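Let me begin by presenting the structure, written as structure tokens, before commenting on it.
The values are calculated or read from the model by the stated rules, or taken from the named source; none is laboratory data. All figures in this text were calculated on a predicted structure; none of them were measured in a lab. Here the Cβ is made from the backbone with ideal geometry for all residues, glycine too, and neighbour counts use every protein chain on show.
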Amino acid sequence: MLRGTKGPDGPHPTRGNAPVDWHATTILSVRRGGRVAMGGDGQVTLGTTIMKADAVKVRRLLEGQVLVGFAGSAADGFALVEQFEAKLKQWPNNTPKAAVELAKLWRTDRMLRRLEAILLVADARHSLLVSGSGDVIQPSDGILSAGSGGGYALAAARALVARTELSAGEVVREALSIAAGIDIYTSGTLTVEELSCTT
């Protein structure tokens, strides 16, 4: 169930034989102090042109019980969020099962496997990265990132968790702000959502 190739910044999901092109936006999720937070910037980029700075790429699903964010093509991301929401309704108390079922469908369906995005998913007990190559990855430290600035946000979040007493939401905001100062595809316009968590 859990797999992925290793890159310099950790697990690097692949699509077929080619790596996923991390492009446009940064999504970050952090679990800490009884809270799980997920945030993302709102930049939509077409080629080298910024088309929009305030898109919302982090959502609440299942009556607010599950957070989901996507990095990659906006249209593809929204389509995958809809598919994931349908899986959650089939398995409302089992987010990992819903994620695995989405990954299986995404990998095998002729239309879905053309979609280019990465999903981060979090509920009270789990944080997961879901990709179109069939990967469902759960981090050992409760921190996940995706997108063009994901490596910067991940490094910043790990440092903030290790060296500060900031809350999960504060870590997400600070780390995304750091990534936005480095990555040209990440803006400082952020959306952050939080849930209570048990782990």
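In the range 60-115, how many residues are more than 15 Å from residue 135 (Cβ to Cβ) and basic (Lys, Arg)?
6
Quick check: is even one residue across the range 77-87 in a strand (DSSP E or B), of a type outside the set (Val, Ile, Thr) and farther than 26 Å from residue 51 by Cα? Steps first, please.
Going residue by residue through the range 77-87, those that are in a strand (DSSP E or B) are none.
No, because not a single residue in the range 77-87 is in a strand (DSSP E or B), of a type outside the set (Val, Ile, Thr) and farther than 26 Å from residue 51 by Cα.
What number of residues within the range 105-164 are polar (S, T, N, Q) and free of Cβ contacts under 8 Å to residues at least 60 places away in the same chain?
Residues flagged as polar (S, T, N, Q) and free of Cβ contacts under 8 Å to residues at least 60 places away in the same chain within the range 105-164 amount to 3.
Could you check the range 111-128 and list, in sequence order, the residues that are surrounded by 24 or more Cβ atoms within 10 Å (Cβ to Cβ) and either in contact with an Asp or Glu (Cβ under 7 Å, 6 or more places away or on another chain) or among the aromatic types (Phe, Trp, Tyr) (or both)?
117
Could you check residue 119 against (1) closer than 17 Å to residue 36 by Cβ; (2) in a loop (DSSP other than H, G, I, E, B); (3) under 17 Å from the mean Cα position of the chain (by Cα) and say which number it fails?
The failed condition is (2).
One line per residue, one yes/no per condition, for (1) surrounded by fewer than 19 Cβ atoms within 10 Å (Cβ to Cβ); (2) farther than 30 Å from residue 87 by Cα; (3) touching a Ser or Thr at 6+ places or on another chain (Cβ under 8 Å):
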| site | (1), (2), (3) |
| --- | --- |
| 136 | no, no, no |
| 140 | yes, no, no |
| 145 | no, no, yes |
| 150 | no, no, yes |
| 159 | yes, yes, no |
| 165 | yes, yes, no |
| 176 | no, no, yes |
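Name the strands (runs of 3 or more DSSP E) wholly within the range 1-75 that hold at least 3 residues that are in contact with a Lys or Arg (Cβ under 7 Å, 6 or more places away or on another chain), at pLDDT 90 or above and buried (at least 16 other Cβ atoms within 10 Å of the Cβ)? Explain how you work it out, then say what you get.
Details: elements: 5-7, 10-12, 26-32, 35-41, 44-46, 49-52, 58-61, 66-72.
Of the strands (runs of 3 or more DSSP E) lying wholly inside the range 1-75, those with at least 3 residues that are in contact with a Lys or Arg (Cβ under 7 Å, 6 or more places away or on another chain), at pLDDT 90 or above and buried (at least 16 other Cβ atoms within 10 Å of the Cβ) span 66-72.
Based on what the data block shows, is residue 192 within 12 Å of residue 29 (Cα to Cα), aliphatic (A, V, I, L, M) and either buried (at least 19 other Cβ atoms within 10 Å of the Cβ) or in contact (Cβ under 8 Å) with a residue 12 or more places away in the chain (or both)? It would help to see each step written out before you state the result.
Details: within 12 Å of residue 29 (Cα to Cα): yes; aliphatic (A, V, I, L, M): yes; either buried (at least 19 other Cβ atoms within 10 Å of the Cβ) or in contact (Cβ under 8 Å) with a residue 12 or more places away in the chain (or both): yes.
So residue 192 fits the description; yes.
Under the condition of being touching a helix residue (DSSP H, G or I) at 6+ places or on another chain (Cβ under 8 Å) and of a type in the set (S, T, N, Q), which residue from the range 67-120 is farthest from residue 143 (Cα to Cα)?
Only one residue fits best here, namely 90.
Just one of 42, 33 is of a type outside the set (Asp, Glu) and closer than 24 Å to residue 138 by Cβ; which is it? First the steps, then the outcome.
Working: 42 fails: closer than 24 Å to residue 138 by Cβ.
Going through 42, 33 in turn, the sole match is 33.
Using the structure shown, decide if residue 132 is in a loop (DSSP other than H, G, I, E, B) and crowded, with 16+ Cβ neighbours inside 10 Å.
Numbers: in a loop (DSSP other than H, G, I, E, B): yes; crowded, with 16+ Cβ neighbours inside 10 Å: yes.
Yes; evaluated as a whole, the condition is true for this residue.
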